[in-house]
Amino acid sequence: MDDLRFMQMALDLAARGRGFTSPNPLVAAVVVKDGEVVGQGYHQFAGGPHAEVYAIDAAGAQARGATLYVNLEPCNHTGRTPPCTLKIVEAGIRRVVVGMQDPNPAVTGGGADFLKQRGIEVTLGVCGEAAEALNEVFIKFIRTRRPFVIAKCAATLDGRIATRTGDSKWVTGEAARACVHELRHAVDAILVGVGTVAADDPQLTTRIAGREVKDPVRVILDTHARIPPSARVLRHASGADTIVVAGPAAAADAQRRIAGKGVRVIEAVTRDGRIDLPALMGQLGGMGITSILIEGGSRVLASAFRAGVVDKACFFFAPLISGGDDGVPICSGPGPDRMRDCIRLARIQTRRFGDDVMIEGYVTGA
């Protein structure tokens, strides 16, 4: 069916903006006339032209009487740019096919209703599930003002992310690690504990050969302000910003210790001696961070799952067996008494990266 084919084209095109449009959604538009594509475009960066503008301008005079395919309902309000609905009406578009309605409670239905009132045929929900999956981050953030959180780990088959000596380089192969860099590029921020910084001294940047990429903000949980001043995450050579999250008793000390490095220190609420992650998600959301990749270690991962802040898990498993009980587990700390009380994932997908396997799923009830 043509609607499905052209909407899938729009979805594929929209994904090209991944990593560059936050806090805006991923959107593309395709103009079709007499079964042929006469214009297309996608939203490339926040503050730039919307997808409909690119597509309609590319179509020119051929837009009159054509069908416009767009994966997200056209905006009907003025923000950084004028409303796309006016552009559609002025271009003489005859029909608009929409993947999903705008999830913003303040504008839902506005664009579609505006177009219908002006005699334009509107079809909603074509490839709706795929459209929602593409913009899962935007949907969560626009509804809750809290970031969409992905928990990631790389582990042996018996659930160890490092050996008893702390060695973790490398659990998985190059192909799986390349996928992790794709994840980093797609999110606004990476979150780790200060223990990971002290043990591994990571850069937490994005490295993809031959591609323009975006480095996410680096968020370091450091309740007691003990981050080493020489840590690479405190350097700005990569262009990545760093936020150190400290407890109330340590925030001022952290600020003094790393003063002059251009690093932001924020004071966070603590609970039982650790950063209160639900409260922190509210703080980070208020700073405009729409998505976070949690990269561990085991205490941070466990705390995130127990706190109920994780939306999605991406666990990479390598064909390795630690063979002992003294390595570093994926999650550490108290777990449930009964199997039925474990955190359950739904909408499971698996992917192969050479010999490694990634299991991806969504936390039920998140």
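The values are calculated or read from the model by the stated rules, or taken from the named source; none is laboratory data. Being a predicted model, the structure only gives us computed values, none of them experimental. Ideal geometry is used to build each Cβ from the backbone, glycine not excepted, and the neighbour counts take in all protein chains shown. Heavy atoms of the whole protein, side chains included, go into the accessibility calculation; ligands, DNA and RNA do not. Shrake-Rupley method; radii C 1.70, N 1.55, O 1.52, S 1.80 Å.
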message: Can you tell me which condition residue 203 does not meet? The list is (1) open to solvent by 10 Å² or more (accessible area, probe 1.4 Å); (2) polar (S, T, N, Q); (3) under 14 Å from the mean Cα position of the chain (by Cα), and all the others hold.
response: (3)
message: Any residue in region 332-351 that is basic (Lys, Arg) sitting within a Cβ distance under 9 Å of a residue that is in a loop (DSSP other than H, G, I, E, B)? List the pairs, counting only those 6 or more apart or interchain.
response: 344/364; 344/365
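Table: residues versus (1) open to solvent by 10 Å² or more (accessible area, probe 1.4 Å); (2) assigned to a strand (DSSP E or B); (3) farther than 29 Å from residue 349 by Cβ.
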residue: 244; (1), (2), (3): no, yes, yes
residue: 252; (1), (2), (3): yes, no, yes
residue: 279; (1), (2), (3): yes, no, yes
residue: 305; (1), (2), (3): yes, no, no
message: Checking the condition over 24 Å from residue 328 (Cβ atoms), part of a loop (DSSP other than H, G, I, E, B) and in contact with a Ser or Thr (Cβ under 6 Å, 6 or more places away or on another chain), which residue from 240, 209 passes?
response: 240
field: Residue in region 218-232 that is assigned to a loop (DSSP other than H, G, I, E, B), of a type outside the set (Val, Ile, Thr) and under 24 Å from the mean Cα position of the chain (by Cα) present
entry: yes
message: Looking only at region 254-274, count every residue that is at pLDDT 80 or above, surrounded by 18 or more Cβ atoms within 10 Å (Cβ to Cβ) and either of a type in the set (Gly, Ala, Ser) or assigned to a helix (DSSP H, G or I) (or both) and tell me the total.
response: 1
query: Conditions: (1) open to solvent by less than 40 Å² (accessible area, probe 1.4 Å); (2) modelled with pLDDT of 95 or more. Residue 85 meets all but one. Number of the miss?
result: (2)
- request: Out of the residues in region 307-321 that are buried (at least 20 other Cβ atoms within 10 Å of the Cβ) and farther than 16 Å from residue 179 by Cα, state the one that is farthest from the chain's Cα centre (by Cα).
  value: 309
task: Return the residue satisfying two criteria in turn: it lies in region 281-299 and is modelled with pLDDT of 95 or more and touching a Leu at 6+ places or on another chain (Cβ under 8 Å), and of such residues it is farthest from residue 201 (Cα to Cα).
output: 292
- prompt: Name the pairs whose Cβ atoms lie under 8 Å apart, with the first residue in region 191-208 and over 13 Å from residue 245 (Cβ atoms), the second in a loop (DSSP other than H, G, I, E, B) and hydroxyl-bearing (Ser, Thr, Tyr), and 6 or more positions between them or separate chains?
  reply: 200/168; 203/238; 205/238
message: I'd like the full set of residues that are open to solvent by less than 10 Å² (accessible area, probe 1.4 Å), closer than 17 Å to residue 56 by Cα and not in a helix (DSSP H, G or I), limited to region 1-29.
response: 28, 29
- request: Considering each of 234, 191, 204 in turn, give the residue that is aliphatic (A, V, I, L, M) and at positive phi.
  value: 204
query: Given the structure, is residue 48 farther than 22 Å from residue 131 by Cα and either charged (D, E, K, R) or out of contact with any Ser or Thr (no Cβ under 7 Å at 6 or more places or on another chain) (or both)?
result: no
task: Could you tell me which of the residues 32, 53 is touching a Ser or Thr at 6+ places or on another chain (Cβ under 7 Å) and open to solvent by less than 60 Å² (accessible area, probe 1.4 Å)?
output: 32
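Per-residue answers, yes or no, for (1) modelled with pLDDT under 95; (2) under 22 Å from the mean Cα position of the chain (by Cα); (3) more than 30 Å from residue 64 (Cβ to Cβ):
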| residue | (1), (2), (3) |
| --- | --- |
| 111 | yes, no, no |
| 140 | no, yes, yes |
| 150 | no, yes, yes |
| 166 | yes, no, yes |
| 170 | yes, no, yes |
| 188 | no, yes, yes |
| 199 | yes, no, yes |
field: helices (runs of 4 or more DSSP H) contained entirely in region 97-199, each with at least 1 residues that are hydroxyl-bearing (Ser, Thr, Tyr) and open to solvent by 50 Å² or more (accessible area, probe 1.4 Å)
entry: 136-144
